Each structure stands twice: as C-alpha cells, then as structure tokens.
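Trainee: Have a look at this one before I ask anything.
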Amino acid sequence: MTSRLIDNAISVVAELSNNVILHVQNATRIQVVVFREAGRICLEVWDPSDEIPEARRAGDEDTAGRGLAMVEALCESFEWRRDGHGKIARAVPCAE
C-alpha cells in the first residue's frame, strides 16, 4: 500500500463525511466502511438521506464547492446509490 493511496483514502473519507455533516439535516449517524475488493481499497460512506448530491461549479474566488470534483480526481471510481434507508457513496481511491 502506497502513501499516495493512504493519503487519497483519508482525503476522500474526510470530504464525503464533511459533506454529510454540512448538507444532511437529519444525519445523526454516518457509517464508514473500508474493505478490499479485487486487490483494491474500497470506501463506502453511508448517510440517512436519499438525496443524491450534485457537484457544483466553484468560481476562482469561492471557498466551497470543489469537494466532489476533488473526490472524483482522487479516485479510480466514484458512485452513489440509494439503499432504501439512505444512500451510500462508494469510492476506490487511486494508488498512484
């Protein structure tokens, strides 16, 4: 496991968790799961909202709105799905 992979995984979990705290009003619990699948590290962040977030276009002077773009840049794959009780963000951070 490379230090780049670890840094990317930490940044992705932090950003996805922060998004839940900032944007999900009824979030009394966040669940983070880290596991290996097909030799890759996979991250899943669950929250109780079924609303799928949309990436915003941040301007040069904006101090927010870049988080999902950053997550996508740090990951091989990134997706959302509803699970009947909320949603799960699934990310596979880049190793390189």
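Trainee: Inspect the stretch 65-77 for any residue being among the acidic types (Asp, Glu) and part of a strand (DSSP E or B) and give the result as yes or no.
Mentor: Within the stretch 65-77, one or more residues are among the acidic types (Asp, Glu) and part of a strand (DSSP E or B).
Trainee: Another question, then. So which pairs qualify, if the first residue must be in the stretch 30-51 and at negative phi, the second must be surrounded by 13 or more Cβ atoms within 10 Å (Cβ to Cβ) and of a type in the set (Asp, Glu), the Cβ gap must be under 7 Å, and the two must be at least 6 apart or on different chains?
Mentor: Matching pairs, first to second residue: Ile30/Asp47; Val33/Glu44.
Trainee: Residues of the stretch 31-48 being surrounded by fewer than 17 Cβ atoms within 10 Å (Cβ to Cβ) and either of a type in the set (Val, Ile, Thr) or not in a strand (DSSP E or B) (or both), which ones?
Mentor: Correct list: Val32, Val33, Val34, Ala38, Gly39, Pro48.
Trainee: Then there's this: Scan (1) surrounded by 10 or more Cβ atoms within 10 Å (Cβ to Cβ); (2) outside any helix (DSSP H, G or I); (3) at pLDDT 90 or above for the single condition Val13 breaks and write down its number.
Mentor: Only one criterion is unmet by Val13, namely (2).
The values are calculated or read from the model by the stated rules, or taken from the named source; none is laboratory data. Note that the coordinates shown come from a computational prediction; the quantities given were computed from them, not determined experimentally. Here the Cβ is made from the backbone with ideal geometry for all residues, glycine too, and neighbour counts use every protein chain on show.
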